[in-house]
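*Asks:* Take this structure, written in structure tokens, and hold onto it; I'll ask about it next.
Nothing in this text is a laboratory measurement; each read-out follows from the coordinates by a stated rule. Please read these numbers as outputs of a predicted model, since none were measured by experiment. Cβ placement follows ideal geometry from the backbone for every residue including glycine, while neighbour counts extend to all protein chains displayed.
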Amino acid sequence: TPEQQWWRKSTVYQVYPKSFKDTTGSGTGDIKGLTRKLDYLQDLGIDIVWLQPVYVSPQNDNGYDVADYRQIDPTFGTMEDFDELMHELKKRGIHLMTDIVVNHSSTEHPWFQEARKSKDNAYRNYYIWKDAAPDGGPPNNWQSKFGGPAWQWEETTGQYFLTLFDKTQADLNWENEQVRQEVAGLMIFWAEKGVSGFRMDVINLISKDQGFPEDDGSISPGDGRRYYTDGPRVHEYIKELYAKVFGPYNLVTVGEMSSTTLEHCIRYSNPEEKEFSMTFNFHHLKVDYRNGQKWELKPYDFEELKQLFTKWQSGMQRGGGWNALFWNNHDQPRALSRFADDGIYRVESAKMLATTLHGLQGTPYVYQGEEIGMANPKWLDISEFNDIESTNMFKILQERGLSADEALAIIRERSRDNSRTPMQWDETANAGFTSGTPWLKVDESYKEINAKAQLGDPTSILAHYRKLIRLRKQEEVLTNGRYVRLDEAHPQIYAYARINETEILVVVSNFSGEHVVFTAAGVFWETVKGKEAELLIGNTPQAPAWRQTVELSPYASYMWIIR
Ligand code: TEU
């Protein structure tokens, strides 16, 4: 029912706590820092905060290596700080969505510390252990997503254990009913504390083909993902979590689906399936991967981008699924630098990308800094980077024969650090993020790109996001309008409509630095010609009048509604 699905009109703000706001001078963000900034988020008008992991962790993967699922890591503060955050959020009518990372745990988790002691330890089968291959090597040729083999040798018991990510992130064995009970228990712990929902990390990887077959290299050597992505029992496991936790606590849940399919995402997010509220998929963020490989560059394919948006909008509507809409997150370079212009047309570009995304069907996610137009830092030395994936790949790319400069050029484009530079609050030292030395350099742009400079400015990127978030609540057609693509493979323009019984909403965006002309196709124009169109939001001082041909200046973007 609409009340149960309140989050279909919501906007989620993603907080990467390590880089959000530091109140202790440690150089690392903390929970108190987020609490201090809730008025800023309330002013923006967001409904849900997605707080990324703040649990006990050795921080090898910035908190996605959890060593205690029920304790706050001292780096981020205390459980009292968390309770204060909950209280302050509730006062402002803002919901909290926490991050649940249960495809794997840290090897420092007590479960793993026990499991590694002996083959008959009570916790042994919380993880995935295999004997060495006859040659003594790993059980199969699967590669980790961070580079290198996906198996680690454990000396004491003489077996390998599976690590799809970092070698200190041991995959949990979901075949083991005890593991599933533990996961339900830890989620209930946080649900009892009052969280309104969860983001579930790579949750579509939890069911592995129990034969652990050798990969045939048809995607890339040792890829292996077909043997654990959207696996045999994944929907069964999620339905179990729904029955035990999501349903009883009426939670809003989003699954991060790595390398997934439209068909599975319909099953994961159609309410009748009783699995997730919505899903993240990443296909639109691979249109600049040469040969589908993250670490091979190519200019992004604009037509492919528009086809993917169209496939997922139309497909999920037909199937009754629900998209989590996003350009940015902590694993991706900033979209402003990647798909538009972070130079002279930075402001128009940021607004254009925002309008283009927020006009679609789904729940939009705003990643910290996106709302003020933060862009990729332009670092020149590998020592400035910090992320485990980037530092691993810098070595691996050179082992593949690239020079250090060639490898660095790729890292600069693709590193997850691009989106992890500290939030730029104001023009004071370290952008007001910390009074200490930031764990990752603050980008030089903070003197002119910061929240304070935009708060009172109605022409700012921040004001544009505030307005889009409000429109989602005001305009029903943004929630239930049927999606129709309007541009026929135009090289610079993306245009679409959202149509319901009473209104037609139109979004036209110029993804280029050129002046272009959009012409609404005959059939569509037949349905709207002669009707008044009201401009809901634009990114230029004057918007062109609504007619069949519309001139667009560089990165111009308009949303009209015909009632
Ligand atoms: O990301 C999983 C995932 O899909 C990423 O590894 C993504 O494939 C890659 O970064 C893009 O090339 C989640 C978290 O968002 C990420 O921060 C963690 O590192 C990862 O899982 C392991 O927990």
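*Asks:* Filter the GluC sites (Glu not before Pro) in segment 268-344 down to the DSSP loop ones having no more than 13 other Cβ atoms within 10 Å, then list what survives. Mind dumping the intermediate values first?
*Replies:* Details: sites: Glu272, Glu273, Glu275, Glu296, Glu303, Glu304; in loops: Glu275, Glu296.
Answer in residue order: Glu296.
*Asks:* Related question: Once you sort the root eigenvalues of the Cα gyration tensor of segment 101-232 as a ≥ b ≥ c, which label holds: rounded (a/c under 1.5), prolate (a/b larger than b/c) or oblate (the other case)?
*Replies:* Details: a/c = 2.17, a/b = 1.36, b/c = 1.60.
Taking the square roots of the gyration eigenvalues as a ≥ b ≥ c, segment 101-232 is oblate.
*Asks:* OK, next. Hey, what do the phi angles of segment 24-33 turn into as Karplus ³J(HN,Hα) couplings, whole Hz, using 6.51/-1.76/1.60 and θ = phi - 60°, x for Gly and Pro?
*Replies:* Going residue by residue, I get 10, x, 6, x, 10, x, 9, 5, 4, x Hz, with x marking Gly and Pro.
*Asks:* Hey, another quick one. For the chain, treating each Cα as an identical point scatterer without solvent, what Debye log10 I(q)/I(0) comes out at q = 0.07 1/Å?
*Replies:* Summing over Cα pairs of the chain leads to -0.40.
*Asks:* Could I ask something else about it? Within a Cβ distance under 11 Å of Lys119, other residues only, what is the Lys/Arg minus Asp/Glu net charge?
*Replies:* Values: positive: Arg116, Lys117, Arg124; negative: Asp120, Asp131, Glu154.
For residues surrounding Lys119, the net value is 0.
*Asks:* Counting only residues 5 or more places away or on other chains, whose amide H sits under 5 Å from the amide H of Arg116 once H atoms are built in the peptide plane?
*Replies:* Amide H neighbours of Arg116: none.
*Asks:* When the Cα atoms of segment 1-116 are enclosed in a convex hull and the volume is divided per residue, what value in Å³ results? Mind showing how you got there, number by number?
*Replies:* Working: hull volume 13.8 nm³, N = 116.
Cα-based convex hull of segment 1-116, divided per residue, equals 119 Å³.
*Asks:* How big is the charge dipole of the chain about its Cα centre, in debye rounded to the nearest 20, if each Lys and Arg gets +1 on its Cβ and each Asp and Glu gets -1 on its Cβ? If you can, show how the numbers build up before the last one.
*Replies:* Values: 62 positive and 80 negative charges, 254 e Å.
Roughly 1220 debye, rounded to the nearest 20.
*Asks:* Residue by residue through segment 313-322, what is 3J(HN,Hα) from phi via Karplus (6.51 cos²θ - 1.76 cosθ + 1.60, θ = phi - 60°)? Round to whole Hz and write x for glycine and proline.
*Replies:* Running phi through 6.51 cos²θ - 1.76 cosθ + 1.60 with θ = phi - 60° gives 5, 5, x, 5, 5, 4, x, x, x, 9 Hz.
*Asks:* Would you grab the residues whose amide H sits under 5 Å from the one on Leu536? Only those 5+ places off in sequence or on another chain, please, with H modelled 1.01 Å from N.
*Replies:* Answer set, sorted by chain and number: Met559, Trp560, Ile561.
*Asks:* Count the net charge of all other residues whose Cβ sits under 9 Å from the Cβ of Phe433, scoring Lys and Arg as +1 and Asp and Glu as -1. Kindly include the intermediate steps, with their values, before the conclusion.
*Replies:* On the way: positive: Lys21; negative: Asp22.
With Lys, Arg at +1 and Asp, Glu at -1, the net is 0.
*Asks:* Continuing with the same structure: Quick one: compute a quarter of the convex hull surface over the Cα atoms of segment 361-493 and quote it in nm².
*Replies:* Result: 11.9 nm².
*Asks:* So what J values fall out for segment 430-446 if you push phi through Karplus, 6.51 cos²θ - 1.76 cosθ + 1.60 with θ = phi - 60°, rounded to Hz, Gly and Pro as x?
*Replies:* These are the phi-based 3J(HN,Hα) values: 6, 6, x, 6, 8, 8, x, 9, x, 5, 9, 4, 6, 6, 3, 6, 5 Hz.
*Asks:* Using amide H atoms built in the peptide plane, which far-off residues or other-chain residues are under 5 Å from His104 H to H?
*Replies:* Sorted by chain and number, the residues that satisfy this are Leu172.
*Asks:* Separate question: Grab the Cα-Cα distance for Ala133 and Arg563, subtract it from 0.36 nm times how many residues apart they are, and report the gain in nm with one decimal.
*Replies:* Numbers: separation 430, 0.36 × 430 = 154.80 nm, distance 6.67 nm.
Fully extending the segment from Ala133 to Arg563 adds 148.1 nm.
*Asks:* Rg/Rh for segment 166-243: what does it come to with C-alpha atoms and Rh from Kirkwood?
*Replies:* Details: Rg = 14.7 Å, Rh = 14.2 Å.
Result for segment 166-243 is an Rg/Rh of 1.04.
*Asks:* What distance in nm lies between label points placed 7 Å from Cα along the C-beta direction at Asn291 and Leu535?
*Replies:* About 4.8 nm separates the two model spin labels.
*Asks:* Can I ask one more? Going toward the positive end of the dipole of the chain, with +1 on Lys and Arg Cβ and -1 on Asp and Glu Cβ, which of Asn204, Tyr227, Gly25 do you reach last?
*Replies:* Farthest along the dipole direction, towards plus: Asn204.
*Asks:* Something else now. Need one number: nm distance between label points at Glu80 and Lys117, each 7 Å from Cα along Cα→Cβ, rounded to one decimal.
*Replies:* 3.4
*Asks:* Moving on. Between Ile396 and Glu214, what FRET efficiency follows from the Cβ-Cβ distance if R0 is 30 Å, with the result rounded to 0.05?
*Replies:* On the way: r = 21 Å, r/R0 = 0.71.
With a Förster radius of 30 Å, E is 0.90.
*Asks:* What is the spin-label model distance, in nm, from Thr157 to Glu476 if the labels are put 7 Å beyond Cα along the C-beta direction?
*Replies:* 5.8
*Asks:* Return P(r) of segment 217-310 (all Cα-Cα pairs; 5 Å bins starting at 0; whole %; ordered from short to long distances).
*Replies:* P(r) over segment 217-310, rounded to whole percents: 3, 12, 18, 19, 17, 13, 9, 6, 2, 0.
*Asks:* Roughly speaking, what is the stretch gain from Ala521 to Ala409, that is 0.36 nm per residue apart minus the C-alpha to C-alpha distance, in nm to one decimal? Don't skip to the end; give the middle numbers.
*Replies:* Numbers: separation 112, 0.36 × 112 = 40.32 nm, distance 4.15 nm.
Full-extension gain reported as 36.2 nm.
*Asks:* Show that you can apply the helix-only estimate: for the chain, add -39,500 (n - 2.57) for every DSSP H stretch of four or more residues, divide by all residues, and state [θ] at 222 nm to the nearest 500. Provide the component values of the computation, followed by the final result.
*Replies:* Numbers: 16 runs with 153 residues, N = 563.
It lands at -8000 deg cm²/dmol.
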